[in-house]
Each structure stands twice: as structure tokens, then as C-alpha cells.
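Notes follow the structure.
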Amino acid sequence: MKVSYSWLSDFIDIKSIDPKDLVDKLTMSGLEVEELIIKEKVENVVFGKVLEKVKHPDADKLSICKVYDGLETYQVICGAANVEAGQIVPFAKIGAKLPIGLKIKKAKIRGVESYGMICSAAELGLEEKSDGIMVLNVSEDKLGENVSDYLGLEDVILDISITPNRADCLSIYGVAREISALYNLPLKNKTYNLTEVEENAAEYKKVEVKDKDKCPIYLGRIIKDVRIKESPIWMQNRLRSVGVRPINNVVDITNYVLFEYGQPLHTFDMSKLQGNVIIRTAKPGEKIITLDGKERELKDYMLVIADEEKVVAVAGIMGGEHSGICDETKDVFLECAYFKPESIRVTARRLGMQTDSSYRFERGIDKGNVFNMVDYAAFLLQEYADGKVLKGVLSNDYDEVKPVKVSFNLSKVNKLLGTDIKAEEAKNILERLQFKVHSQNDNDYEVEVPTHRVDVERWVDIAEEIARIYGYEKIETTIPEIKADSRQAPLFLKVQREVRESLKTLGFYEAINFSFMNDDFLAKFDDKEKFVYLKNPLSEDMNALRTYVFPGLVANTVGNIRQGFGQGRFFELANVFVKTSEDKLPEQKLHLALSITDEFWPLSWSAKDKIEPFYYLKGIVENIFLNYKLKPRFEKCDKVFLHPGKSAYLVCDGETVGFMGELHPDIIEYLDIDKNIFIAEIFFEKVVKLIESNKIQYKKFSVFPSVTKDLSVVVGKNVYVDDMIESIEKMSNLIDSVVLYDVYQGDKIGVDKISLTFRIYFSSIERTLTDEETNNLLEKIIDDLKEKFGAELR
């Protein structure tokens, strides 16, 4: 945002401040000055009168003009289409050096000599581009005088980068307020005398706000009998200094108030408003042609200004072409409002519009200043458009604007900043920033935050304000004293760290995705009734909070596959959110998700046998549990988004703690990819609770030789192997462990049958086992498996 010294001088004694010092102080306080432009007085550019204009004999677009400066007449070649005899113009004599770097010399153009230049606003550095020369509305008494003061050519311009949180500095007054605090200088406030006529505004219009949530405050004034004309030159100069092109007095006044105080305004031609002014959301399919000449189709959540027949403006963004100010306008309806930032931001993005008004409304304007601004703008229309201000402000039933109150502890602030700022100095800094400070004791304070500081909500914000004005450069660099802490990290954090490191070691990449995704995509994996929707999403593709973590990994994997990288192995440890009820906050839980594709293993001459991805992922999941002495069971899964034959619930101590499997072919088809994706989702908080309650018992190891027996049995395909292993292990304390090491299916054993081969390890801590003992145990195992699972010895 551009800020001019001459405009700042209305509010503060800016001339006493060196521009370079100001640049340093503003930048260090958080308002980064990107450019300092020092505009020096332009010599030899004077008021001149065009006495005569004739066509150039050898150029269709050039004119030969006679320009009089009060003493002499000069022949000047001019290419502007709008030059006419009788005009008073800025005339650059030979020797003048224009702000754009052009030095005026005697020239011969198409055989005709020229002794100067009639200047446009762009050539004088007032605009980036001009359509023609400047025509000045002054008397002939000024002929020959330098135009520099009249046009404000001598000035200092600061181009400041305003961060999104500092909406209070998106105005000349806001920056002046900041400078006042930095230099401890008094801030001047403008006074004005608004005169109302006896005629009552309420006799003509009423204001109806139908969506108070999106429009908490709406004020209107009626100004009659305005005269549309040029703005006064000082106002034009100031608007040009901040990059705004003057249009006419009514439009310029709204722009002037916007840049001076940061309050967006809009003016409607009263003759084009039918009935009352209504603030509502758009109706489905409703359209408006905005001031830029484009037709916009509105959505039903977009706030609009309407009369009783049609939409006349997109609230807070841009007015409609039909109701705009024109040369014939006589009566004006002046709008001054506070719109909810979220509403304006969403509408502006959906419509692809960003205006100076929306830019400020999105970030938050001074809610407490709208009442003053509607009167100030009405005063300017009275003063510079000859308008008659009708009695009364039209408004909705708004709530009282109350300042936010924040408590802070000075010792805590000093500890955070590494300073020793005394109470008196801290109080002085805050009062310079227009905060009201109430002392509760020597250390504790309550602060009333001014309504323009929408970014200050917590004690740390107060600490930042103190540090900014105190000066970051004054804060000494010190090495913090950190006491050694012998306590172990909480188990919850310890397990998180260990799992992350373990998965990275196994070749998985950690992903960090947004918590919000498109609800239609998430609905492929869960019910929409469980979703928590965002009121103000960044985009339509990020409108709901995730209920599982793995969909983000699926999106990552799909993106990689489409870019030709199909071997990615990803994991993410992050929160999910599940709606509980409409009036309560959602449940937030930590989940661990993993994903691989069927090409997860890199091609290699040494890896000829393809590893089955489902079992690879199953092994990874088992490894996570076994690291903490937990033994998961894999039970039949009914998740509709998973392949029915390649999926499982993860069950531990009778509790479901996750699921895993291959994505259903229908999902793969929806994703439009040619590779299968395998995912796992572990309910991390449940697992950590199991780890906490799991008591690891010491088991003596045997010094005697162990005995190994293999057992092959045939069972039905619907039998769980885990159940069989568990049953075998419970048969005797002489059974050390059981491993499934071979599986066979084929015609020899029947269509619905499967052959399983277990290797059973026997050992005793007291003696060497005999063959008779182990054979007897094996017989008992066979009988038990036959009884419980219908197993047949193969």
C-alpha cells in the first residue's frame, strides 16, 4: 500500500521525521517498507494556456499548438487527442526534467519545431498510464507559475507491505497511528461539521438486514441534489499518490475515505433503487452485471445488496452497473457497513473478484468506526458535491460494539520476550497504541483492545505489541537457561517418535496433509453424516474435515502414479475428526495410516519373486504391534471400500484397533489408475492405551535342546489361522511357539479346503524332552484341532 507524507501530515507532524529513519522503524515494527520514493520539486513545468491548435501538415495524429505562459508564446507539437484551444495545461519548458526521467529539449518533429511539451498525468509521475494530457481547472492568474505545488509533485511515498493480520494499517490514518506510537508523537484527529436538512431520510428508504450474521452493521445516509463534477485538485492528488485514478467527486469521496480511514463505502443512484434497501443472500440462479461490465452468477450463500426488485451490489465487493453513479445522478444513497470477513472472502474467491473494498473487509475493518465514517463521508459529499444531507442514519438493529478485553501478566511477557520491561514502560507503550490499561496488581493487567485491532485476542498478542514498539533491536541476545530434565518423555509421544523412525527405516515416506478434503472424495470411504464441514473453506476441494487419515495418502499416491512414480510407500500420523452432535465440538483422535501400491518394491535382478503387497503391509503392521509386545489378530473386514478377499480388521485384546486391505476395484476404477493401492489405518490412541496396560512378563529361557515337529492339517477355508495357533499354544506350557510356514490349495484336497502346515517348537526349562512326550502332545493337538476346527490330518 502506498502512503504519502503529505497525506500523513494531516494526522501527525511527519515533516520532523527523516524518511530513511521511518523506513527502518516501520520495517522493524512489522510494516515492511518495500520502496521509498522521494519525489522532488519539478522545475520549469508551468501553467500554460493553449491559444491555438492546428493539424500537423505531415502527421494525422499530431497537432501544432501555441502555448502561452503569461509572458511568451511557444510552438509545441502535441500527440494527445484531447488537446483543445482554451485549455490550461501543465507545460514543460525546454530544460525541464520530468519525474519519469525525460529531459525536455528543442525538437523537430516531422519537419516542425517544438519548444516544449504539454504533459499528461503519467509524464508527471502521477499515474502509470494516461489517455491524454492533463487539463487543469485554474484561472489564468496562475499562468507561468510552477505546477509542482498545485499537483503535489513534491512528496515522499512509502510503499508498505501490509501483512494479513494488520488490517488496521490499510489506511493513511492507520499508518499515522502506528508512526505516532513508534515516535511517541501526538495524533491529530479531523473535525468536521455535518449539517442535516429538516427532511427525514426514513421517509424515503428503510434498511432491512435479513442475514445479520453476515452483516452485523449496515448504515445508510441519503444525500440529495448532488452535483457530479471533478473532485478538488488536492483530493485528486492524494488519490493519485496511492495509485487511484480520479473519476468524479462522488466516487472519489468514497475512495478517499477508503484510503484515509480504511472504511469501504458505496454510493447508489437513488433514482435506480426501487423501494427499500435489503441485505440478503442471493437467490439460486440470480445474476448481476457489476461495475466492471461482467455478468456474475451468484450462489445462495453470497451476501448481496438488493432493492425490492433486483440485486444492486455484491456486498462488500462491487456495485452493480445499473445502480451506479453517472453524470445525471442527483440523489445518492450512501452505504457504510461492517460485513463478516469470512462471508466476503468466500464470495470474492468464488467470483474471482478482489477489490480495494473486499481486500479490507476480508481482513476485518474497524467495527466501531462505521458510525463516524458514514457521517464523515456525508460531510464530504455536502462539502464537495453540494449535497443536502437528510436527517437521520438508516440502519439495522445492530448490537453494541464492545472492545475485546485481554488479561496479561507482565512477568510472563518478559519471560517470553527475554526482557526486563518495567510496568510503567509497558503501560506507556500500550497507551500509545490506544489500548486502555487497567492495573489489577503490580504484575497483572487487563487491557481493553481498540476496535481497530482485530488481530489482538490473547496475552501473547499483547506481548508482541510491547516488543514491536519497545524495539526488537533492543532485546539482547541471551542463551536461555534450560534445566536438565531427567524425566522420560510421555509414553504417547515416545511411541509416536519410535513408530515414525521405524517406518522411515523401513523405506516409508512421511506425508503431512491438510486435515480437510473434498467431502465427495471422503464419502467414498465414510458416511457424510459423520463429517464436520467448514464454514469458511479454503476451496470447494477442502470443505470437510477427514474422518480417516488414509484418504490423504490415497490422493498422494494417485498423484504420484499419474506422474509416473508408482512405487511410493507413505505413512501419516495425524488427527481425524468425527462429528458428535451439532452443538458440540467434534471428537479429535490420532490415527496412523500407511499406503503402498502393488509396485511398491523396486525392480531388481536379485528380487525375481514378486512380494505380495497385502502380506508385506500385513507384516509391517504386525511389526508395529510386536515391537510393543502386542499380538494383533486379523479378522474378517466388512469395509465396503476394501477388497472383500484382501482386507482385515486389526483386533487386539478383543478390541478393534484398525483395519487394512486392498482398495476395492470400484474405488480403483473411480480413481482412474492402473495400479492397486493397499492401505492400513491404525487407531493410534487405542493402541497406546493397550501398550500402557500391557505388562511384559519375564519368561525363563531353556538351556536344554528344543524339539521341532511339523504338522499338516486340512481345514475349511473359513477357519482363522490365528485361532488355530492360539489353540495350539494353550495346549501345554511345553509348547514354545507355533509358526505357519506353508499353505496349499488344490484339487487334491477339495475346492473349499486348505492345507496348513505348522512348525511347532517344544522345550522345557527343566529337562530335555523325549520323543514320547512330544508325540503324545502332538496327538492331543491333532485331536483338539479336529474337535474345534474340523481339521483332518493330511
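The values are calculated or read from the model by the stated rules, or taken from the named source; none is laboratory data. Bear in mind that the values here come from a model prediction, so they are computed numbers and not experimental data. Glycine also receives a Cβ, built like all others from the backbone with ideal geometry; neighbour counts cover every protein chain displayed.
Structural remarks
- Within the range 647-659, the only residue that satisfies the criterion of being touching a Gly at 6+ places or on another chain (Cβ under 6 Å) and either small (Gly, Ala, Ser) or surrounded by fewer than 20 Cβ atoms within 10 Å (Cβ to Cβ) (or both) is 647.
- Verdict on residue 249 being within 30 Å of residue 347 (Cβ to Cβ), in contact (Cβ under 8 Å) with a residue 40 or more places away in the chain and not basic (Lys, Arg): yes
- In the range 547-576, the qualifying residues are those that are under 20 Å from residue 683 (Cα atoms) and of a type in the set (S, T, N, Q), and the one that is surrounded by the fewest Cβ atoms within 10 Å (Cβ to Cβ) is 575.
- Single condition residue 628 does not satisfy, out of (1) modelled with pLDDT of 90 or more; (2) more than 20 Å from residue 570 (Cα to Cα); (3) in contact with a strand residue (DSSP E or B) (Cβ under 9 Å, 6 or more places away or on another chain); (4) surrounded by 13 or more Cβ atoms within 10 Å (Cβ to Cβ): (3)
- Residues of the range 687-718 satisfying the condition of being of a type in the set (Ser, Thr, Tyr), in contact (Cβ under 8 Å) with a residue 24 or more places away in the chain and not in a loop (DSSP other than H, G, I, E, B): 708, 712
- Scanning the range 36-50 for residues that are surrounded by 14 or more Cβ atoms within 10 Å (Cβ to Cβ) and either of a type outside the set (Val, Ile, Thr) or in a strand (DSSP E or B) (or both) returns 37, 39, 44, 45, 46, 47, 48, 49, 50.
- Residue selected from the range 134-186 under the condition in a loop (DSSP other than H, G, I, E, B) and touching a Lys or Arg at 6+ places or on another chain (Cβ under 7 Å), by the criterion farthest from residue 118 (Cα to Cα): 184
- Residues in the range 279-317 that are more than 27 Å from the chain's Cα centre (by Cα), part of a strand (DSSP E or B) and of a type in the set (Lys, Arg): 1 in all.
- Selection of the range 577-595 for residues being among the aliphatic types (A, V, I, L, M), modelled with pLDDT under 95 and surrounded by 16 or more Cβ atoms within 10 Å (Cβ to Cβ) yields only 578.
- Here 190, 205, 214 are screened, and the one residue that is under 30 Å from residue 399 (Cβ atoms), touching a Gly at 6+ places or on another chain (Cβ under 8 Å), assigned to a loop (DSSP other than H, G, I, E, B) and not hydroxyl-bearing (Ser, Thr, Tyr) is 205.
- Odd one out for residue 12, checked against (1) of a type in the set (Val, Ile, Thr); (2) in a loop (DSSP other than H, G, I, E, B); (3) over 54 Å from the mean Cα position of the chain (by Cα): (3)
- Matching residues in the range 5-59 - criterion: being touching a Phe, Trp or Tyr at 6+ places or on another chain (Cβ under 6 Å) and farther than 24 Å from residue 429 by Cβ: 46, 48, 49, 51
- Hits in the range 355-414 (condition: of a type in the set (Asp, Glu), surrounded by 19 or more Cβ atoms within 10 Å (Cβ to Cβ) and without any contact (Cβ under 8 Å) to a residue 40 or more places away in the chain): 362
- Qualifying residue in the range 55-62 (condition: in contact with a His (Cβ under 7 Å, 6 or more places away or on another chain), in a loop (DSSP other than H, G, I, E, B) and of a type in the set (A, V, I, L, M, F, W, C)): yes
- Tally of residues being part of a loop (DSSP other than H, G, I, E, B), among the aliphatic types (A, V, I, L, M) and out of contact with any helix residue (DSSP H, G or I) (no Cβ under 9 Å at 6 or more places or on another chain) across the range 651-686: 0
- Residue satisfying all of: in the range 531-570; charged (D, E, K, R) and out of contact with any Phe, Trp or Tyr (no Cβ under 9 Å at 6 or more places or on another chain); modelled with the highest pLDDT among these: 562
- Qualifying residue in the range 76-99 (condition: touching a helix residue (DSSP H, G or I) at 6+ places or on another chain (Cβ under 8 Å), not in a loop (DSSP other than H, G, I, E, B) and not acidic (Asp, Glu)): yes
- Test: residue in the range 469-481 that is outside the structural domain of residue 660 (by the TED database) and either closer than 23 Å to residue 685 by Cα or surrounded by 19 or more Cβ atoms within 10 Å (Cβ to Cβ) (or both): yes
- Under the condition of being in a helix (DSSP H, G or I) and β-branched (Val, Ile, Thr), the residues counted in the range 319-357 number 3.
- The range 745-787: number of residues that are in contact with an Asp or Glu (Cβ under 8 Å, 6 or more places away or on another chain) and not in a strand (DSSP E or B): 2
- Condition check for residue 242: under 23 Å from residue 272 (Cα atoms), of a type in the set (Val, Ile, Thr) and in contact with a strand residue (DSSP E or B) (Cβ under 7 Å, 6 or more places away or on another chain): no
- In the range 63-75, of all residues being of a type outside the set (Gly, Ala, Ser) and assigned to a strand (DSSP E or B), the one that is farthest from the chain's Cα centre (by Cα) corresponds to 73.
- Tabulated pairs, the range 502-530, first over 20 Å from residue 659 (Cα atoms), second surrounded by fewer than 16 Cβ atoms within 10 Å (Cβ to Cβ) and hydrophobic (A, V, I, L, M, F, W, C), C-beta under 8 angstrom, 6+ apart or interchain: 514/542; 516/534; 516/538; 516/542; 517/542; 518/542
- Enumeration of residues in the range 733-756 that are closer than 17 Å to residue 784 by Cβ and surrounded by 14 or more Cβ atoms within 10 Å (Cβ to Cβ): 734, 735, 738, 756
- Applying the condition of being among the basic types (Lys, Arg) and assigned to a helix (DSSP H, G or I) to the range 358-400 and asking which residue is nearest to residue 255 (Cα to Cα) yields 360.
- Search result, residues across the range 94-147 that are within 27 Å of residue 245 (Cβ to Cβ) and among the small types (Gly, Ala, Ser): 96, 101, 116, 120, 121, 122, 125, 130, 132, 139
- Condition met for residue 572 (in contact (Cβ under 8 Å) with a residue 24 or more places away in the chain and acidic (Asp, Glu)): yes
Quick grid of which residues meet (1) farther than 24 Å from residue 471 by Cβ; (2) assigned by the TED database to the domain that holds residue 92:
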site: 121; (1), (2): yes, yes
site: 124; (1), (2): yes, yes
site: 132; (1), (2): yes, yes
site: 136; (1), (2): yes, yes
site: 160; (1), (2): no, no
site: 168; (1), (2): no, no
site: 175; (1), (2): no, no
site: 191; (1), (2): yes, no
